[in-house]
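All remarks here apply to the structure that follows.
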Amino acid sequence: MSGLDTARIATSPDERRTRRPRIGSDAWTVIGLFAVTIVMILASRLISPSFGSWDQARAILVLTSFVMVIAFGQQSVILLGGLDLSVGSMMTLGGILTFSWIGGSGSALIWGIPAVLLVTGLVGAVNGLGVTFFRVPPFIMTLAMGIIIYSVALGITGGTPSGQAVPALGWLFSHRLFGIPWVILLMALFAVLGTIFQQATPFGRRLYAIGTSPEAAAIAGMPVRRIVILTYAISGAAAGLAGILMVGYSGGATLTMGDSYLLPSIAAVVIGGTSIVGGRGLYAGAIAGAFLLTTLSTVISSIGIAQGWRTIIYGLVILVALVLLREELSLWFLRLRSRGGR
Amino acid sequence: MSATGTLPVARRPGGASTRRLLANGTFNVFVVYVLLFVILMIKQPDTLSAFGVTDLFNNALPLALAAAGGGLVVLTRGFDLSVAGVIALTNVLIATALPDGPWGAVLAVAIAGGAGLVVGAVNGYLVAYVRLQSIASTLATMIVCSGVALLVLDAPGGQVPDAVVYGFSGVLPGNVPVSAVVALVVVLLWLALRRTDWGVAIYAIGADETAAALAGIPVRRAKFFTYCLAGILYGFAGLMLSAVTATGNPNGGTTYLLLMFAAIAIGGTAFSGGRGGVIGSMIGAATLTLLQKVLFSAGVSSFYTGIFQGLVMILAVVIGAITARLAEGRAR
């Protein structure tokens, strides 16, 4: 994070030369991550012949969708220089509401999904209000909100959410087009739309501007507060969407269904090259990070070793990926390429 | 963060006016703590008994030590997630690997400090020299540590030697809780540290790392040692947790992760770095643990405890910010 500042100073002459490919350095991280992940899937063939198949890759892609959706909101918030620790509880909220409001009724989907997204979006907007108008640090605001949501959900459901599985959502996971589950196609669309949103819309570009310097953005006439509030709302709704998907996948909702997605959502974003202090990063990186983390846990969980060793390998691979894909290395890559081109 | 007041260490203590007190996050959180304490005393008059006080210190100290370490890192504008892993690791080591008797207690201190130092050094190396983002690299070390903890003890259990339990959660002659002495030692060490070059460097790096480097501060070395010290403090947090719970739990560290950051923020340390202090973080931790106790004694249904906890966290920060702003406004 702040180490990058000194890195920039130290390499400033080089950077001036490579100013244009700045995006290029982020893109290298993304390409590197995907490459590492694919190598990992192929290498898992060595562990067992049933690995590294199209079936396994398909299963991993399906599992990636949850982290990927949450990571979109998380990354937008981090780009702003914030952080959303309420996404776990928000995902649970989305799941519980889907479970109890929509249930087995297919026709309820039409109003149910927008309603769930609206509720989670509004709760997210409250995060944004706290951060902007009451100047609560994002860390505290969203952490407190996460605790509050969980507590409310616990109180209202009494510990066990009641409702029905949603077959219409399960359909996304069980039906395929040309051998590809619908949910993967949906996620591909989500990835494209998310990237366009961040890179090509005024709103998206303003995220980067505010993350780099909120003061400068305000002086430039940007409605900083409104954008911050909307971004937290987007993050809430994204987590809610992940909850909706999760109900489709698992057929039920529990009070802890979102908990295990909080840290991966942040990890995916940061591993994907987004700066935790904001202003810099690509959604494609977060997707690559989500893909890497999901692949890693899927492959590792199928190795027949003690849980402790699995956890250690998981952590070490993340560490190796971070070291391999750090900024200096991608800059070095770029320089190498530009030298070769001359 | 404003450019003025980037070096709080430069302000000389003493002669603290009301204005300065109000602008001080540590003072604000202390007021919140006293308020909660009064409520608890009304609800439970035996709070002030020797047992009650020891209990308060024992409950608060693991989180307070963790927050002291995490707060140091936050001052340099970093995030250290490894706390959860280090606490779990030291806890299971102390619960499985120690002989009983006084040597057990000595070894426990060595193990806690040693394991914390090793993990902290790895963090410091990765952040200061390899220049990884602190949140990402410490996430990885946290995961590795919890893996090692699972190898040491794969399910809750084990036995913490009596010498550790009574030695660290008991009372000294005169009914002075050991945990209060530990807390006092950490506070005194911090007061000494912040007057050294290293202490100044910690604030300077957090305020503006580039400027600190240009001013000739050895940024990398200062950061490295900050992570080391933080690791040692997490180790001692694990030691205190072992003494209080008397058992080992490989997953026992995870609850401390978010609570620690909450304690740091409530204690008035800014996540943008360079502002705040370790004492505030420790009082913040004590406030969070006291809050749980107050809610419990007030008979709030445990279902809804979280709502109050969340609201108090937000309110503590908002009130702190308002009083600070009022105080600054009056000063101008």
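Nothing in this text is a laboratory measurement; each read-out follows from the coordinates by a stated rule. None of these values were measured; they are calculated from a predicted model. All Cβ positions, glycine included, derive from the backbone under ideal geometry; neighbour counts span all protein chains shown.
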> Sorted from largest down, what three extents in whole angstroms do the Cα atoms of the protein assembly as shown have along their principal axes?
Replying inline: 78, 59, 52
> Could the peptides B:86-93, A:239-246, A:116-123, A:287-294 be put in order, highest first, of the mean number of other beta-carbon atoms found within 10 Å of their residues?
Replying inline: B:86-93, A:239-246, A:287-294, A:116-123
> Considering every residue in A:254-263, what mean count of other chain Cβ atoms within 10 Å of its Cβ is obtained?
Replying inline: 1
> If you wrap segment A:63-272's Cα atoms in a convex hull and average its projection over all directions, what's the area in nm²?
Replying inline: 11.5
> Expressed as a rounded percentage, what relative contact order does chain A have, with Cα pairs under 8 Å and six or more residues apart?
Replying inline: 34
>> Could you tell me the center-to-center distance, by alpha carbons, between segment B:95-128 and segment A:83-160 in angstrom?
In response: 40
> Can you work out the base-10 log of I(q)/I(0) for segment B:48-288 at q = 0.07, 0.09 1/Å, using the Debye formula on its C-alpha atoms alone?
Replying inline: -0.21, -0.35
>> Given N residues in segment A:154-207, what is its alpha carbon radius of gyration divided by 2.2 N^0.38 Å?
In response: 1.76
> Rounded to a whole number of µm²/s, how large is the Stokes-Einstein D of segment B:94-146 at 4 °C and 1.567 mPa s, given Rh as the Kirkwood radius over C-alpha pairs?
Replying inline: 104
> Taking every residue in A:303-313, how many Cβ atoms of other protein chains lie within 10 Å of its Cβ, on average?
Replying inline: 4
> What is the spin-label model distance, in nm, from B:Ala298 to A:Arg226 if the labels are put 7 Å beyond Cα along the C-beta direction?
Replying inline: 3.9
> Which order, highest average first, do A:198-205, B:315-322 follow once you tally other Cβ atoms within 10 Å for each residue and take the mean per peptide?
Replying inline: B:315-322, A:198-205
>> Compute for segment B:76-201: radius of gyration divided by Kirkwood radius, i.e. Rg/Rh, restricted to C-alpha atoms, rounded to two decimals.
In response: 1.03
> What whole number of Å gives the distance from the Cα centroid of segment A:204-275 to the Cα centroid of segment B:236-285?
Replying inline: 26
> Amide H to amide H, which residues 5 or more places from A:Ile180 or on other chains are under 5 Å from it, using H placed in the peptide plane?
Replying inline: none
> How well do other chains shield peptide B:142-154, expressed as the mean number of their Cβ atoms within 10 Å of each residue Cβ?
Replying inline: 5
> What order do you get for A:166-174, B:187-195 when each peptide is scored by the mean count of other beta carbon atoms within 10 Å, highest first?
Replying inline: A:166-174, B:187-195
> Listing A:Ile102, B:Ile135 from the residue with the fewest other Cβ atoms within 10 Å to the one with the most, what is the order?
Replying inline: B:Ile135, A:Ile102
> Which of the helices in chain B, when you take each full DSSP H run, stretch at least 30 Å along the axis at their Cα atoms and have an average Kyte-Doolittle score of 1.0 or higher?
Replying inline: B:50-75, B:102-124, B:219-245, B:305-331
>> Using a 10 Å cut-off around each Cβ, can you sort B:Lys43, B:Lys293 from fewest to most neighbouring Cβ atoms?
In response: B:Lys43, B:Lys293
> In the Gaussian network model of chain A, springs joining C-alpha atoms below 10 Å, which of A:Gly236, A:Gly81, A:Gly106 carries the largest mean-square fluctuation?
Replying inline: A:Gly106
> When N is the residue count of segment B:204-332, what does its C-alpha Rg come to as a fraction of 2.2 N^0.38 Å?
Replying inline: 1.30
> In whole Å, how far is the Cα centre of segment B:55-77 from that of segment B:161-210?
Replying inline: 9
> If you build a Gaussian network model of chain B, linking Cα atoms that sit under 10 Å apart, which residue out of B:Pro218, B:Pro173, B:Pro99 swings the most?
Replying inline: B:Pro173
